1. Going from the alpha-carbon gyration tensor of the chain, what semi-axes, largest first and in whole Å, does one get by taking the root of 5 times each eigenvalue?
2. Residue separation times 0.36 nm, minus the C-alpha to C-alpha distance between Glu139 and Asp342: what's the value?
3. Between Glu15 and Glu380, take the C-beta separation as r, use R0 = 56 Å, and let me know the FRET efficiency to the nearest 0.05.
4. Extension gain Leu176-Arg406, at 0.36 nm per residue separation less the Cα-Cα distance, in nm?
5. Please report, to two decimal places, log10 I(q)/I(0) for the stretch 1-107 at q = 0.11 Å⁻¹ as given by the Debye formula with identical point scatterers on the Cα atoms and no solvent.
6. Quick check on the chain: helices-only [θ] at 222 nm, where DSSP H runs of length 4 and up contribute -39,500 (n - 2.57) each and the sum goes over total residues. Nearest 500, please.
7. Based on the alpha carbons, how large is the Rg to Rh ratio for the stretch 215-321 when Rh follows Kirkwood?
8. Where does the stretch 131-284 land on Rg/Rh, using Cα atoms and the Kirkwood Rh?
Amino acid sequence: MIVMKFGGTSVAEAERIVRVADIVRDRLDRKPVVVVSALGGVTDLLVRAIEASRVGDRERLEPTLADLERRHRWAASGAVERNDVRHDLNLALDAVFEDLRQLLRSIRILGEVTPRAADTLLAFGERLSSRIVAAAFAERGVPAAKLDAREVMLTDDSHGAAEPDLPGIRARCDELLRPLVEAGRVPVLGGFIGSTQSGETTTLGRGGGDTSAAVFGCAMGAEEIQIWTDVDGLMTADPKLVGEARLLRRVSFAEAAELAFYGAKVLHPATIAPAVQQQIPVWVLNSMQPDQTGTEILGEPACDAPKLAAVASRRGVCTVRVASKRMRIDPGFLPRVLDAFDRRGLVPDFVVSSEVAVTLVLPERDQIEQAARDLGGDVEVHVGRERAILCIVGAGLAADTEVRGRVLSALAKVEPELVGLGGSASSVGAVFPAAGLESAVRRLHREFFEEAAE
Ligand code: ADP
Ligand code: ASP
Ligand code: MG
């Protein structure tokens, strides 16, 4: 059997859902299990609705809710043709939306959102999309069986970033999924959502639909995991930023993980590790062009692989320089600084240390100020906001000093505040003001990945 995951972009509207049904129908002989994300943009709308409820902003809440409801009704009526099926689906949607309104009302009254409540609310996106997709499948010759993913995806209780419990999930797959697949049915599950042993809803973190696909694939011992999205596969740069970006037909696991970490959101980093451990091939494919070849993620770099794979970038980081007022770093200084940020849940992307100071590159969050205060008065902290990371990834960076030199001198031209070389064998990253990001990505892409490059 195979796992086919369709991201929010692939199920954003009725027409695309119909296309997804055709893609799955053409592959029924491979015994697919289908994982779907919320309709594109819906998780963002839910985040907005939760925040508007928390602060009691009805003027923002009502249009957001109306938008959410309209998107789903529209998708349902466009993707499902039979009147009786559509009628039943609409009744089911009525009940789900009533639940959603009630929960948001209680948040407005309480004026706070616990992580548990946030997960319960965020899960509505995938609960709704899987219902609509399963109904659309049924009338297009795909024998779909809709399942509540929360009954299969067992997790710990770290709300917002829950950790899947693989042995538990394996048991649920054997009990709930395998018999359906063996009977020729196509299980349809929402990605991103799970539940604890005691039945509380959890989520796996943004972009976590990919994680669900990998976890179900591993638990079922799938032959292949297919991540269907809105671009041809993993490319030499984000095609939305660089028109000239080219498809990478094969990428090693290490390169793909690095690219995902540094901003190529086409694949969630957690997708690849469990699949590679079990040697399950992962493919990234385009649901708008299902006959294109896509990208295969390989366990090891191919022998004919180019030295550089791609350039990735990510906004939303800041630099934090912590300097000791005593003009020297005492033993214990570095662990103390790292610990202060770690306790606030802030994990650095880069750390550079010198004799009097350490600079961290961290996700831009409110907790940075609190962590800086925790450090006390014998340090000076300077926070540089609105920074971006740009990273060139390629297995060739490990062994080829000439390539490494060329990459470093190209990065120097974008006037970085900080360069990270050596932390990883297959990437070199730089941090600089976010305003220059797009032109820097294009410039580096031109230099290394277009025409005369390599
Ligand atoms: P989905 O809804 O399928 O989960 P995402 O929006 O999470 O899709 O990821 C797909 C997007 O990732 C693409 O539309 C593209 O803009 C972006 N992306 C960023 N970097 C890359 C890259 N190197 N190759 C391909 N896509 C990339
Ligand atoms: N719907 C979730 C999100 O937008 C999960 C996913 O799409 O993978 O983050
Ligand atoms: Mg995604």
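1. Working: eigenvalues 299, 164, 79 Å².
Equivalent ellipsoid of the chain: 39, 29, 20 Å, largest first.
2. Computed gain between Glu139 and Asp342 is 68.1 nm.
3. Efficiency for this residue pair is about 0.50.
4. 77.5 nm
5. -0.43
6. After summing the helix terms and dividing by residue count, I get -12500 deg cm²/dmol.
7. Dividing the radius of gyration by the Kirkwood radius yields 0.98.
8. When Rh is taken as the Kirkwood radius, the ratio is 0.98.
Only the coordinates and a few stated rules stand behind these numbers; no lab work does. Note that the coordinates shown come from a computational prediction; the quantities given were computed from them, not determined experimentally. Cβ: placed from backbone, ideal geometry, glycine included. Neighbour counts: every protein chain shown.
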